[in-house]
């Protein structure tokens with residue numbers, strides 16, 4: 001699936017983050033990282049897909065997260081596994097913010113974009129936060145029929161991202 005997805009075009013664009021289309025779900029979560037957290041180590045874990053693996057996803061990336069990289073994520077829902085292909089469409093790697101955004105590709109259960117960032121924030125005790133911002137709508141027939149289950153899966157995976165980043 002990674003090879004096939006590499007030739008596909010994203011099904012959503014960065015504009016969704018600022019102007020979510022009708023019928024989409026907006027998810028924004030943020031967690032303060034622990035006092036021993038390192039900006040660089042968290043950014044490296046994010047770009048190397050360790051935070052995604054820690055959330056329980058099986059990851060098949062074509063490389064570290066950088067613009068143009070395709071990743072196919074395996075998501076388990078009960079006894080079933082679903083492939084969720086995405087393409088990295090934006091990267092930020094600066095002294096105070098590091099992260100990336102990917103957009104879904106055809107055959108993903110959702111259509112949308114998701115951003116992951118580690119940020120320096122003087123307003124929190126450790127000085128670091130990790131955030132996830134997603135805008136998506138159901139694409140797969142199963143998630144359209146059972147949206148509550150689809151939302152629970154997305155929420156579970158998001159909690160996994162946050163917990164993995166927080167655990168360092």
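Return the residue satisfying two criteria in turn: it lies in region 105-115 and is buried (at least 23 other Cβ atoms within 10 Å of the Cβ) and assigned to a strand (DSSP E or B), and of such residues it is modelled with the lowest pLDDT.
110
Residue check: is residue 58 within 16 Å of the chain's Cα centre (by Cα) and surrounded by 16 or more Cβ atoms within 10 Å (Cβ to Cβ)?
no
Residues that are under 25 Å from residue 129 (Cβ atoms) and touching a residue at least 60 places away in the same chain (Cβ under 8 Å): which helices (runs of 4 or more DSSP H) entirely in region 1-85 hold 3 or more of them?
It comes to 39-47, 50-54.
Here are 155, 122, 90: which of them is in contact with a strand residue (DSSP E or B) (Cβ under 7 Å, 6 or more places away or on another chain), surrounded by fewer than 21 Cβ atoms within 10 Å (Cβ to Cβ) and either modelled with pLDDT of 95 or more or outside any strand (DSSP E or B) (or both)?
Going through 155, 122, 90 in turn, the sole match is 90.
Tell me yes or no: at least one residue of region 29-50 is at pLDDT below 90 and exposed (fewer than 13 other Cβ atoms within 10 Å of the Cβ).
Taking every residue of region 29-50 in turn, at least one turns out to be at pLDDT below 90 and exposed (fewer than 13 other Cβ atoms within 10 Å of the Cβ).
Just name the residue that is nearest to residue 23 (Cα to Cα) out of those in region 128-152 that are at pLDDT 75 or above and out of contact with any helix residue (DSSP H, G or I) (no Cβ under 8 Å at 6 or more places or on another chain).
Across region 128-152, the extreme among qualifying residues is 137.
How many of the residues in region 86-114 are without any contact (Cβ under 8 Å) to a residue 12 or more places away in the chain and within 11 Å of the chain's Cα centre (by Cα)?
Residues that pass the stated criteria total 0.
The values are calculated or read from the model by the stated rules, or taken from the named source; none is laboratory data. In this text, all values refer to a predicted model and were calculated from it rather than measured experimentally. No Cβ is skipped: glycine too gets one built from the backbone with ideal geometry, and neighbour counts run over all protein chains shown.
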